[in-house]
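Visitor: I'd like to ask you about the structure that follows.
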Number of protein chains: 2
Amino acid sequence: MNGNSPDFPARLRAAGLRPTRQRVALARLLFESGHRHVTAEGLHVEVKATRMPVSLATVYNALNQFRDAGLLREVVVAPGRSYFDTNIGHHHHFFIEPDGELHDFPSDKVTIAGLPTPPKGTRLSRVDVIVRVRR
Amino acid sequence: MNGNSPDFPARLRAAGLRPTRQRVALARLLFESGHRHVTAEGLHVEVKATRMPVSLATVYNALNQFRDAGLLREVVVAPGRSYFDTNIGHHHHFFIEPDGELHDFPSDKVTIAGLPTPPKGTRLSRVDVIVRVRR
DNA sequence: GCAGTATTTAGAATTGTTCTAAACTTCTTG
DNA sequence: CAAGAAGTTTAGAACAATTCTAAATACTGC
């Protein structure tokens, strides 16, 4: 469906991570169905409901490792809370202010012109566009 | 220089805030010289070096009130740390990843085309563009 | 299977921020 | 300009999100 093999142990190994039971359980929750935005707390609640519960520390570890391995992208939209996005393709975000909901939109149609060149001695890493909306 | 009156008590009153000694001291640090990006901790260190030190709680209170009053803008770039920007005009940000430095750039020249329309029932609040760069 | 290394865990520690209740300013109004 | 009312400040406790610690456990290659 999403072009990713459902063989999570293999996917983890390919990313340089040992396919432990906990990491496989988390990967399943994250990547099995379409794209998702999760917080550590939220994912921990989900995985606790599973036959294979995982400690909160491990959820944090796994999210950070998945991000470092390029399997996830971290999105910072609100102070004091990190979202992890399973969509690692080019795209931007809607952030619905009052309730903290986050939605992707593709960057295909979006063009940004006139950006200044990066300060001397730095090179571009990524351009984040966050469209904040209110009800 | 920046078009703002240096009469901080009056400016605070105009924003609906009592010009207490502490708020005036903070306003002076924030608005007296050009635009700045500060964190609560950083501003607290600065004001402690003053003849009129202010508690950390008051720094947090003041930053939140100044933001609510439209004197400051909060910028969310990194998890677990809030920056406040004294530049409230239209502009975007460079974020230098390793060291957490933040720089403004004007939005005059920047054009963003092809943004999708906000989800039904919401209206646009603001578009943040963060250009992340690495050394 | 066995060693050897990586990972998990519960709980403590850390960090950034907000809350609390008492003391102190500022404002209003006479 | 005194007095009361209302808003602020403060130190310290409380809180929330995240990271660390050290001991127990699971994966891996041989």
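Visitor: Under 5 Å between amide H atoms, partner at least 5 residues away or on a different chain: which partners does B:Leu72 have, H built in plane at 1.01 Å?
Guide: B:Arg67
Visitor: For the protein assembly as shown, give the magnitude of the charge dipole about the Cα centre (Cβ charges: +1 Lys/Arg, -1 Asp/Glu; no others), in debye to the nearest 20. Please report the intermediate quantities before stating the final value.
Guide: Numbers: 38 positive and 26 negative charges, 54 e Å.
Around 260 debye, computed over the protein assembly as shown.
Visitor: A follow-up question, please. Once amide H atoms are placed 1.01 Å from N in the peptide plane, what residues at a sequence separation of 5 or more from B:Arg36, or on another chain, have their amide H within under 5 Å of its amide H?
Guide: Long-range HN contacts for B:Arg36: B:Thr86, B:Asn87.
Visitor: Using the crude model of +1 on Lys and Arg Cβ and -1 on Asp and Glu Cβ, and no other charge, please compute the dipole size for chain B relative to its Cα centre, in debye to 20.
Guide: For this selection, approximately 340 debye.
Visitor: Relative contact order for chain A using alpha-carbon pairs under 8 Å, separation at least 6, rounded to a whole percent? Let's see the in-between values first.
Guide: On the way: 147 pairs, mean separation 24.0, N = 135.
Worked out over chain A, it gives 18 percent.
Visitor: Whole-Hz ³J(HN,Hα) for each residue in segment A:112-117, computed from phi via Karplus 6.51 cos²θ - 1.76 cosθ + 1.60 with θ = phi - 60°, x for glycine and proline: what do you get?
Guide: Whole-Hz 3J(HN,Hα) from phi for segment A:112-117: 10, 10, x, 5, x, 6.
Visitor: Same structure again: Under a Cβ-only charge scheme (Lys and Arg +1, Asp and Glu -1), can you give me the dipole magnitude of segment A:8-83 about the Cα centre, in debye to the nearest 20?
Guide: With Lys and Arg at +1 and Asp and Glu at -1, about 260 debye.
Visitor: Counting pairwise Cα distances across the protein assembly as shown, what percent come out greater than 27 angstrom?
Guide: Roughly 50 percent, once rounded to a whole number.
Visitor: Over all distinct alpha-carbon pairs, what is the Kirkwood Rh of segment A:1-99 in angstrom?
Guide: 14.0 Å
Visitor: Could you go through segment B:64-78 in sequence order and give the Karplus-derived ³J(HN,Hα) for each residue, using 6.51 cos²θ - 1.76 cosθ + 1.60 with θ = phi - 60°, rounded to whole Hz, and x for Gly and Pro?
Guide: After applying 6.51 cos²θ - 1.76 cosθ + 1.60, I find 5, 5, 4, 4, 4, 7, x, 7, 9, 10, 8, 10, 9, 10, 9 Hz.
Visitor: Identify, among A:Ala25, A:Val45, A:Val75, the residue whose Cα sits farthest towards the positive end of the charge dipole of segment A:8-83, taking +1 on the Cβ of Lys and Arg and -1 on the Cβ of Asp and Glu, with the dipole about the Cα centre.
Guide: The residue sitting most towards the positive pole is A:Ala25.
Visitor: Quick check for you: which residues of segment B:93-135 have the amide N under 14 Å from the point 7 Å beyond the Cα of B:Ala78 toward its beta carbon?
Guide: Output list for this probe position: B:94-103, B:132-135.
Visitor: I'd like the Karplus ³J(HN,Hα) series for segment B:37-48: coefficients 6.51, -1.76, 1.60, θ = phi - 60°, whole numbers in Hz, and an x wherever there's a Gly or Pro.
Guide: Once θ is set to phi - 60°, the couplings for segment B:37-48 become 10, 10, 9, 4, 4, x, 5, 5, 4, 4, 6, 5 Hz.
Visitor: Residue by residue through A:75-86, how many Cβ atoms from other chains fall within 10 Å of the Cβ on average? Please report the intermediate quantities before stating the final value.
Guide: On the way: counts 1, 8, 2, 4, 10, 5, 3, 3, 1, 0, 0, 0.
Going residue by residue through A:75-86 and averaging, the value is 3.
Visitor: In whole Å, how far is the Cα centre of segment A:76-91 from that of segment A:12-51?
Guide: So the two Cα centres are separated by 16 Å.
Visitor: Can you compute log10 of I(q)/I(0) for segment A:55-103 with the Debye formula, treating each Cα as one identical point scatterer, at q = 0.19, 0.25 Å⁻¹?
Guide: Cα-only, vacuum Debye calculation for segment A:55-103: -0.69, -1.01.
Visitor: Select from segment A:39-135 those chymotrypsin sites (Phe, Trp or Tyr not before Pro) which occupy a DSSP coil region and have at most 12 other Cβ atoms within 10 Å, ordered by residue number.
Guide: Passing sites in segment A:39-135 do not exist.
Visitor: Right, next: Does segment A:89-133 come out rounded, prolate or oblate, given a ≥ b ≥ c as the square roots of the eigenvalues of its C-alpha gyration tensor, rounded meaning a/c under 1.5 and, failing that, prolate meaning a/b above b/c? Please list the in-between numbers first.
Guide: Values: a/c = 2.55, a/b = 1.93, b/c = 1.32.
Prolate is the answer for segment A:89-133, as a/c is 1.5 or above and a/b outweighs b/c.
Quick note: the coordinates plus some simple rules give every number you see, no bench work behind them. Remember, it's a predicted structure, so these values are computed and weren't measured experimentally. Note: ideal-geometry Cβ built from the backbone for every residue, glycine included; neighbour counts use all protein chains shown.
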